[in-house]
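Below: one structure, written as structure tokens.
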Amino acid sequence: MTKPFTSIDNQINLLQERNLYFNDLIKAKSFLMLNNYYNVVNCFSRFFISNKMTDEFIKGTNFDEIIAIHNFDREIKMVFFNRILDIEMHLKSISSHIFSSRHSKPYDYLIATNYSDSDILEVTTIVSTFTKTINSLKVKKNPSITHYLNKHKQIPLWVLINHFDFGQVQKFINILNKGEQNQVAFQLSQLLANNLNISKSNFTVEEMLTAIDVIRDLRNVIAHNNKLIDFQSAKNIRFNSHLHTKYMITPTEPKQSVYQIFIIMQAFLNYGQYANLHNTLLKRFKTLSSKLNTISINDVICTLGFPIDWHVNSDKIDQNIK
């Protein structure tokens, strides 16, 4: 049986019959027209349902509270996405530098034997991607490419890799030789140590590869504009003693939530970038808390894996210390 079309006026009438209160009907109608009933009500009203059989709302629930959670979800997606762009840039820079330091001849990145032999098909795919990217940029007469071709008769890896997306960079790191992967992981371990304020940390290749995988999962959810609430990565972040012990997270505890990805990002961001991420999330959490009257913000942030009262118990990080 098909779902019949329901006008916005009827949508609001149905919500009012379920005990949802509206401060401004004109504003509510405009909001639903621009944002889609499914994306707003179906995704975020569940926090306020008092009776699952009748879908009635908790007494006193205001439509503005649902909007507040909708906006919160959208805003923190953008906060995470901006920092993931930084992570992508760091991975491109570190991996291309390390590979090029070991393979310095022109177009060494097109030679399959310069990579790990553990997955020949993946190596072939990446080499093919490099070739296709070069040809595409030549046709488009990309300025950075034509400059290097005309002046140096080659396209360095550190230039070409900028045209890779996150998934392609991940695959490139996956096929690096073990020694090169160890060097990438070592660079990231220094970022982690700095963020944890310790002299030295250990971040293994296996921990690195899994962390990149879950960060990519988060990136894809955001890029497709899916809701972040209830997100769980398909993979489990590996336990890191220096990092997880600080947050009292055990080796056997699941590590697939937004919160778990948030703290592992300390291995991929510099101190200022992570401090900005932490502080911006703190601000967004507190803003949402001030707009909720019917429920506690803990009902929302727990679906992201954050600890109860994280926004109350966490201090702002001084972004200018390091």
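Do you know which of the residues in the stretch 304-322 that are among the β-branched types (Val, Ile, Thr) and farther than 18 Å from Ile249 by Cβ is surrounded by the most Cβ atoms within 10 Å (Cβ to Cβ)?
First, the residues of the stretch 304-322 that are among the β-branched types (Val, Ile, Thr): 308, 312, 317, 321.
Among the residues that remain, those that are also farther than 18 Å from Ile249 by Cβ are: 312, 317, 321.
Details: Val312: 12, Ile317: 17, Ile321: 9.
Result: Ile317.
How many residues are closer than 24 Å to Met78 by Cβ and either among the β-branched types (Val, Ile, Thr) or open to solvent by 30 Å² or more (accessible area, probe 1.4 Å) (or both) when one looks only at the stretch 245-270?
Qualifying residue count for the region: 6.
Just to be sure before I move on: is Arg74 charged (D, E, K, R), surrounded by 14 or more Cβ atoms within 10 Å (Cβ to Cβ) and free of Cβ contacts under 8 Å to residues at least 12 places away in the same chain in the structure I sent? Before you say what the answer is, go through the steps one by one.
On the way: charged (D, E, K, R): yes; surrounded by 14 or more Cβ atoms within 10 Å (Cβ to Cβ): yes; free of Cβ contacts under 8 Å to residues at least 12 places away in the same chain: yes.
Considered against the rule, which asks whether it is charged (D, E, K, R), surrounded by 14 or more Cβ atoms within 10 Å (Cβ to Cβ) and free of Cβ contacts under 8 Å to residues at least 12 places away in the same chain, Arg74 comes out as yes.
For Leu292, work out the one condition from (1) closer than 28 Å to Ser199 by Cα; (2) aliphatic (A, V, I, L, M); (3) in contact (Cβ under 8 Å) with a residue 40 or more places away in the chain it doesn't fulfil.
The failed condition is (1).
How many residues does the stretch 100-139 hold that are touching a helix residue (DSSP H, G or I) at 6+ places or on another chain (Cβ under 8 Å) and open to solvent by less than 60 Å² (accessible area, probe 1.4 Å)?
Number of matching residues: 19.
Yes/no matrix, rows are residues, columns are (1) out of contact with any helix residue (DSSP H, G or I) (no Cβ under 7 Å at 6 or more places or on another chain); (2) farther than 27 Å from Gln183 by Cα; (3) of a type in the set (Val, Ile, Thr); (4) touching a residue at least 60 places away in the same chain (Cβ under 8 Å):
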| position | (1), (2), (3), (4) |
| --- | --- |
| Leu218 | no, no, no, yes |
| Gln260 | yes, no, no, no |
| Leu269 | no, no, no, yes |
| Thr280 | no, yes, yes, yes |
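Condition test on Leu176, is it modelled with pLDDT of 95 or more, open to solvent by less than 10 Å² (accessible area, probe 1.4 Å) and among the hydrophobic types (A, V, I, L, M, F, W, C)? Spell out how you get there, then give the answer.
Details: modelled with pLDDT of 95 or more: yes; open to solvent by less than 10 Å² (accessible area, probe 1.4 Å): yes; among the hydrophobic types (A, V, I, L, M, F, W, C): yes.
So Leu176 fits the description; yes.
Do you know which residues across the stretch 109-123 are assigned to a helix (DSSP H, G or I) and either more than 28 Å from the chain's Cα centre (by Cα) or not β-branched (Val, Ile, Thr) (or both)? Before the answer, list the steps.
Looking only at the stretch 109-123, we keep the residues that are assigned to a helix (DSSP H, G or I), and these are 109-110, 112-114, 120-123.
Selection gives Tyr109, Leu110, Ala112, Thr113, Asn114, Ile120, Leu121, Glu122.
Looking at the stretch 140-161, can you tell me whether even one residue there is buried (at least 17 other Cβ atoms within 10 Å of the Cβ), closer than 26 Å to Glu207 by Cβ and in contact with a helix residue (DSSP H, G or I) (Cβ under 9 Å, 6 or more places away or on another chain)?
yes
When you check Leu85 against the structure, is it hydrophobic (A, V, I, L, M, F, W, C), part of a helix (DSSP H, G or I), modelled with pLDDT of 95 or more and open to solvent by 20 Å² or more (accessible area, probe 1.4 Å), yes or no? Even if it seems obvious, please write down each step before you answer.
On the way: hydrophobic (A, V, I, L, M, F, W, C): yes; part of a helix (DSSP H, G or I): yes; modelled with pLDDT of 95 or more: yes; open to solvent by 20 Å² or more (accessible area, probe 1.4 Å): yes.
Considered against the rule, which asks whether it is hydrophobic (A, V, I, L, M, F, W, C), part of a helix (DSSP H, G or I), modelled with pLDDT of 95 or more and open to solvent by 20 Å² or more (accessible area, probe 1.4 Å), Leu85 comes out as yes.
Of all residues in the stretch 1-38, which are of a type in the set (D, E, K, R), modelled with pLDDT of 90 or more and either open to solvent by 80 Å² or more (accessible area, probe 1.4 Å) or not in a loop (DSSP other than H, G, I, E, B) (or both)? First the steps, then the outcome.
The first filter runs over the stretch 1-38 and keeps only residues of a type in the set (D, E, K, R), leaving 3, 9, 17-18, 24, 27, 29.
If we keep only those that are modelled with pLDDT of 90 or more as well, we get 9, 17-18, 24, 27, 29.
Of everything in the stretch 1-38, those that are of a type in the set (D, E, K, R), modelled with pLDDT of 90 or more and either open to solvent by 80 Å² or more (accessible area, probe 1.4 Å) or not in a loop (DSSP other than H, G, I, E, B) (or both) turn out to be Asp9, Glu17, Lys27, Lys29.
Can you confirm whether the stretch 284-295 contains a residue that is among the aliphatic types (A, V, I, L, M) and either within 19 Å of Leu85 (Cα to Cα) or exposed (fewer than 15 other Cβ atoms within 10 Å of the Cβ) (or both)?
Let us first name the residues in the stretch 284-295 that are among the aliphatic types (A, V, I, L, M), namely 288, 292, 295.
This time we only want the ones that are either within 19 Å of Leu85 (Cα to Cα) or exposed (fewer than 15 other Cβ atoms within 10 Å of the Cβ) (or both), so: 295.
Yes, some residue in the stretch 284-295 is among the aliphatic types (A, V, I, L, M) and either within 19 Å of Leu85 (Cα to Cα) or exposed (fewer than 15 other Cβ atoms within 10 Å of the Cβ) (or both).
The values are calculated or read from the model by the stated rules, or taken from the named source; none is laboratory data. Note that the coordinates shown come from a computational prediction; the quantities given were computed from them, not determined experimentally. Glycine also receives a Cβ, built like all others from the backbone with ideal geometry; neighbour counts cover every protein chain displayed. Remember, those area values only see protein heavy atoms, side chains included, never the ligands or the DNA or RNA. Shrake-Rupley method; radii C 1.70, N 1.55, O 1.52, S 1.80 Å.
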